[in-house]
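K.L.:
Encoded as structure tokens, here's the structure I'll be asking about.
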Amino acid sequence: MPVDAALLSMRLQPVPCKPSQTREAKRERALARKAKFGQEVKKRASAEPKKPRALRGRAGGLEGLMGVPKDIFYEIVSWLEPLDLLYLARASKYLRSLIMSKDNAALWKAARKNVPGLPDCPAILAEPRYAAVVFDQHCFACGISRSSCTDFSMTFRFCGPCFKANIRKGKDIRFKAVGIPDDVLERIWSLLVAAPTWVSVHPNEDPDMNHIQQRYHVAEFRAVFDQLKRLRDDPLDLQRFVDDRLAFTRQRQQHGKAVSLWYEECRDQRYMDGEEVRAEREKAIKEKLSELGYSEADYPENEAWDKIFDQRIKLTDRIWKNIRPKLEELLEQEKNDRITAAFDARVEQRRKEIHVFYEAFVDRNFEPDARTFLPNLCDAGFLPSATELATANDAQDVITENRFAPIEAQLLVEMEVHAKNVKRDLYRVLVEERQQSGDKTPVPDIDHDQLEVELAGASALFYCTDCDPRHGFIHPARTDRTLSAAEICAHWREKHPLQKWTAGYAPYTIEQGNLPRWLIAMNDAPRVLAIGRGQLETASAALGALGLPEDTAYAEVDELVRAGTLVCLCGDPTLPPPELWSWAKLVNHLWREREWYSRKCALLARSYAHFNVDHFVLDDHPLTEESSCLTILTEDEEPVYPDYAPAPKVAKEIRAMIEASGTRGIVCETCRNMYSGNRQATCVEHLQKDVDVIAHHVKAKHGKALEKKDVYVENE
């Protein structure tokens, strides 16, 4: 084989990555970004040069080798492995001159023979480089000692940034194939040593299987490509070069696969040996613990315990002396934890027994209307007097009526304190929701009378995260489960009797990252939250449109809604009758409709900027003093709703479309045309399969009478 085809690759020098792409540079940029946004930054220790560590009496340990006769030195070195030879060659210039000399290649061959199963070094490759590729950890480009990317076919070791700088996919290497025969150009990838693909960790043996999606050394590609261009006018030399490169590539890839298989076999063997040592260590530790009087039933199940057992290090007397105090401490902790768990279980049982007598106590002492802010069963069990009763005598005694009766007087006092705390929790979450994002102003402390006024306001509305129906990622405030302060407390007592009272957002955890707080609350334990700022603004706007002051009481406007005096003039046929309606639900309805209009206006502003918004969607829920969808009727006044009834023929056609739609959705054609592409099937809201609902939507939202062309039936 002519040497030129092989030396073309062997003479290549890898290119170090750019300084901006090193790990340190990336870390500095990441720290700068965190500091910019006020996040906590953990800085490394100062980069000042460290003082050399004092050696423990071993300085000059290799001095004796200088005077050893060379034949004896070579005999000693012949027992080393290739990695040991590399380290020894780096110890001094004298040792490097001896070991790295071409005359002493036999030393490297002997060292290689000391590694069972290692394939022989290719003739074209130097023994020290072969040893560095297989055993060393230094990057061939920048020299750092953390090269995680190794290719035995290319015989290179790279760190991550240098790998990206030197190795690329064939489709990412740009070149101009001018004057190169097509048959040679088609086989250009077979003339290059390819890295393994993601499908297999082993390289191909046959270079004819190389393709454009595999990774190649960019410098090698340039060198081979330039040689092909130089030989394009000499067909014989060109063919000879192609054949030589093909043979060289096949040899390198076959040898690379052999080394890769050997490396994987060694790794598996090391794992099996480590597992045997781990099993022996575990067995030995259990035997010693058994001698101390412990059984496997006493063992805890935690990470600290497993960390001591799951080590691939043989147990020695010294190791046992070090780990024994830790094991005994963990065993004692497990014993205490089990005692505590048993006590907690008994206390929980005592609290369940208290629930029976607490319900009877409430029935005797409180009318149904006076139970709004009372603790539920769970909270009652955690009142101080109930806790003292449950934990008495190590929670061994069963709760009876005679034991419960003495704490009834104290319970009344504690229940009143609990009601005040609940009201302050509701006020706190209400104020926090009203604050702007990022505002950390503490919640002001107000007296009890002012607290009652704040919670009785028409905009003091709340919802329970566990009971709000969700549809995808729709905000829970869009549902109809919004309640007043008194209603949310009554809801908590009735629907969550065994759930501890929880109001406000829970603190963020590392796993939750930057998820929206309302979404975290939905996936967390049930809790009470205040309605969002959008709904708060809607409630204020509704009061202003009605000419009512901001401090109007919830009970006042709620009574008007339930009496049918305060109505919305939109004429939506899905709205319930007044007796099933409430002020909170009316605010929800207004906010939902105004939010729909805002979203559609924003969509049209992006997609149809040259059209008038009123041509597509109408605001049928204005809340201004000049134009309002709300009104308070006089005693003899009847509400006037818009006429949206379709023509009989159209209604009949729409009913036929609904019956034929089956499980397919019905959408508004005008709303659908606001979206494009796949978004038409994912972003358009489905309409209820009712002619009146569809007719009202088309009339109220788009200002026209319903026609057949306004309805679209989705595909399967």
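K.L.:
Per Stokes-Einstein, at 20 °C and 1.002 mPa s, what whole-number D in µm² s⁻¹ belongs to the range 387-427, with the Kirkwood radius over Cα pairs as the hydrodynamic radius?
P.N.:
So the translational diffusion coefficient is about 180 µm²/s.
K.L.:
Let me ask something else. Which of the aspartates and glutamates could a cross-linker span from Lys708 if the Cα-Cα distance has to be under 15 Å and same-chain partners fewer than 8 positions apart are dropped?
P.N.:
Glu653, Glu659, Glu669, Asp690, Asp692
K.L.:
Now for a different question. Using the basic label-point model (7 angstrom from Cα toward the beta carbon), what is the Arg29 to Ser627 distance in nanometres?
P.N.:
5.2 nm
K.L.:
Only loop residues by DSSP count here, and only those with at most 16 other Cβ atoms within 10 Å; note down the trypsin sites (Lys or Arg not before Pro) in the range 94-132 that meet that.
P.N.:
none
K.L.:
Based on the mean of other beta carbon atoms within 10 Å per residue, what is the order of 166-175, 146-155, most packed first?
P.N.:
146-155, 166-175
K.L.:
A follow-up question, please. From the phi of every residue in the range 89-102, what ³J(HN,Hα) in whole Hz does the Karplus formula 6.51 cos²θ - 1.76 cosθ + 1.60 yield, where θ is phi - 60° and glycine or proline is x?
P.N.:
Karplus values, whole Hz, x for Gly and Pro: 5, 8, 6, 7, 5, 5, 5, 4, 5, 6, 6, 8, 5, 5.
K.L.:
Long-range amide H contacts for Val711: which residues qualify at under 5 Å (H placed 1.01 Å from N, peptide plane, sequence gap of 5 or more or a different chain)?
P.N.:
Glu669
K.L.:
Related question: Aspartates and glutamates within cross-link reach of Lys600: Cα-Cα under 12 Å, excluding same-chain residues under 8 positions apart?
P.N.:
Within the straight-line cut-off, Lys600 pairs with Asp614, Asp619, Glu685.
K.L.:
Here's something else I'd like to know. What's the FRET efficiency of Asp397 with Glu291 using the Cβ-Cβ distance as r and R₀ = 41 Å, to the nearest 0.05?
P.N.:
0.50
K.L.:
Let me ask something else about it. Taking amide H positions as placed in the peptide plane 1.01 Å from N, state which residues far from Ile632 in sequence (5 or more) or on other chains have amide H under 5 Å from it.
P.N.:
Residues meeting the amide H criterion: none.
K.L.:
While we're here: Taking the Cα-to-Cβ direction at Lys229 and at Lys500 and moving 7 Å from each Cα, how far apart do the two end points lie in nm?
P.N.:
In this crude spin-label approximation the distance works out to 7.4 nm.
K.L.:
To continue, here is another question. Roughly what would the spin-label model give for Tyr271 and Leu412, points 7 Å off Cα along C-beta, in nm?
P.N.:
Label-label distance for Tyr271 and Leu412, simple model: 7.2 nm.
K.L.:
Take peptides 651-658, 341-348 and line them up by average Cβ neighbours within 10 Å, highest first, as a rough protection proxy.
P.N.:
Highest-to-lowest ranking by the protection proxy: 651-658, 341-348.
K.L.:
Kirkwood Rh, Cα Rg: Rg to Rh for the range 553-672?
P.N.:
Checking Rg against Rh, the ratio lands at 1.03.
K.L.:
Now for a separate question. Between their Cα atoms, which of Lys93/Lys314; Lys335/Lys495; Lys171/Lys229 are more than 27 Å away from each other?
P.N.:
Lys93/Lys314; Lys335/Lys495
K.L.:
For Ile313 and Val431, FRET efficiency with R0 = 60 Å and r from the beta-carbon atoms, rounded to 0.05?
P.N.:
FRET efficiency, Val431 to Ile313: 0.55.
K.L.:
Listed highest first by mean packing, meaning other Cβ atoms within 10 Å per residue, what order do 294-305, 221-232, 407-418, 369-380 come in?
P.N.:
Going by the mean number of other Cβ atoms within 10 Å, highest first, we get 369-380, 221-232, 407-418, 294-305.
K.L.:
Additional query: How many percent of the alpha carbon pairs in the range 78-171 exceed a separation of 24 Å?
P.N.:
Tail of the P(r) past 24 Å holds 26 percent of the pairs.
K.L.:
Assuming 0.36 nm per residue, please report the length gained on full extension of the stretch Lys102 to Ile446 beyond their Cα-Cα distance.
P.N.:
Using 0.36 nm per residue and subtracting the Cα-Cα distance, I get 114.9 nm.
K.L.:
Calculated FRET efficiency, Asp551 and Lys335, Cβ-Cβ r, R0 45 Å, to nearest 0.05?
P.N.:
So, using R0 = 45 Å, E works out to roughly 0.15.
K.L.:
As a test of the definition: which semi-axes, in Å, follow for the range 219-342 when you take the square root of five times each eigenvalue of its alpha carbon gyration tensor? Largest first, please.
P.N.:
In descending order the semi-axes read 64, 16, 10 Å.
Rule-based calculations on the coordinates, nothing more; no lab input. Here the structure is a predicted model, which means the values were calculated and not measured. No Cβ is skipped: glycine too gets one built from the backbone with ideal geometry, and neighbour counts run over all protein chains shown.
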